[in-house]
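Visitor: One structure coming up, written as structure tokens, with questions to follow.
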Amino acid sequence: MGRQPSSRHDWKLSERFEQGEIDIEPDDDKLAAQLGSIKWGIDSRGRIKIESKDEMGKQGLPSPDRADPMAITFARQRMLHR
């Protein structure tokens, strides 16, 4: 299963980290590694494309089982506070 439906959430999560709105526990190495391993690029239509779980698996990377729920949680919080 691909990660594209959650790509928007991943990107928004990244923006919140960059803006200093959120942070993770300094000793949470697993989550930090998962968040740091997600790659992205620009597709032919100029849209941001987040690496899919299938693409990650082909590279031998584990599924981001902790990063995904974090992205979805913060996306939902942001939607509720609009």
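Every read-out reported here was derived from the displayed coordinates using simple, explicitly stated rules and does not represent laboratory data. None of the values given here were measured: they were computed from a predicted structure. Don't worry about glycine lacking a Cβ; one is built from the backbone with ideal geometry, like all the others, and counts go over all protein chains shown.
Visitor: If I go through the range 63-75 residue by residue, how many of them are surrounded by 13 or more Cβ atoms within 10 Å (Cβ to Cβ), in contact (Cβ under 8 Å) with a residue 24 or more places away in the chain and of a type outside the set (Phe, Trp, Tyr)?
Guide: 8
Visitor: I'm trying to understand the selection: among the residues of the range 31-53, which are under 14 Å from residue 68 (Cα atoms) and either surrounded by fewer than 12 Cβ atoms within 10 Å (Cβ to Cβ) or over 14 Å from the mean Cα position of the chain (by Cα) (or both)?
Guide: Across the range 31-53, the qualifying residue is only 36.
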